[in-house]
Amino acid sequence: MLMYEEINRKYSNSHALIYLKNTKEYRVVKFNHIYRSDKGDWYAVVLEVDGDDFSIKERKTLAFPIDEKQYKLSDITIIPPPNKQCFDWLGRTIVFSKFPNRQWHKGLTQNNSSFNDRVLEIVQSVRPPKEYKYRTSPNFRLSLESIFCMFRPNFAGSFTQALADIESHKLLSRTINSEYYVSSFPSLEKPFLLFRYEFPLAYYNPETRLFTLTQELYRQEVLDFCNRQGILYEIN
């Protein structure tokens, strides 16, 4: 276990997921600073997202309440981040990757983490319908709200539900699970694109239930995905 001095060095001014031992709750926080009290106890002063169960609409606008809290370090456990994770942010999918563990700063910062905005890179050249105005939203920015979306994701759970959410909420993309997501192209003949992490696997047309591979080498990947999802499909 790290000494508290090490925790101060490795986590100050960074983001993390913590577990509260007393209440058995998880909180996504930004460590503002860590200090030692006159009695010798170590405390963390953090900003945290107050709550956990937010709707797609709230997540689309990052409308999360933020509070400042103070926790005794012996009362919390810092949860390691995943090595890789897809999550929804401002109506589109971001792919998070953690740089190698040799990075001295263990809390998440812009210097030790990658946030791939692959969807926006691809669709910026496609003219969207007017109801998709938020496609011009700013580039991804690391913040307490965005880190909350990564640590506490709201996955669609299935390919079918992801398509339904895209239509009903006018999303740019929807994350199915930690690995897969689907992006919308409402102005194109093949209006959806299935991804695994940063890699576009296949276009999808719901009218014909046809997947068109971006590369032949992804055929087995798409076959396996469809079989796990129980999707009726054809692959071209």
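Miscellaneous remarks
- Between residue 199 and residue 214, the simple label model (points 7 Å from Cα in the Cβ direction) yields a spacing of 1.0 nm.
- Residue-span extension gain [residue 122 to residue 161] - 0.36 nm each, minus C-alpha spacing: 11.8 nm
- Modelled spin labels at residue 66 and residue 99, positioned 7 Å past Cα toward Cβ, are 2.3 nm from each other.
- Full extension of the segment from residue 83 to residue 229, taken as 0.36 nm per residue of separation minus the current Cα-Cα distance, would add 50.2 nm.
- Only Lys, Arg (+1) and Asp, Glu (-1) charged, at Cβ; the chain dipole about Cα centre in debye: 360 debye
- Cubic angstrom per residue, convex hull over Cα atoms of the chain: 137 Å³
Computed from the coordinates by the stated procedures, all read-outs in this text should not be read as laboratory data. Please read all numbers here as calculations on a predicted model, not as lab measurements. Glycine gets a Cβ as well: all are built from the backbone with ideal geometry, and neighbour counts include every protein chain shown.
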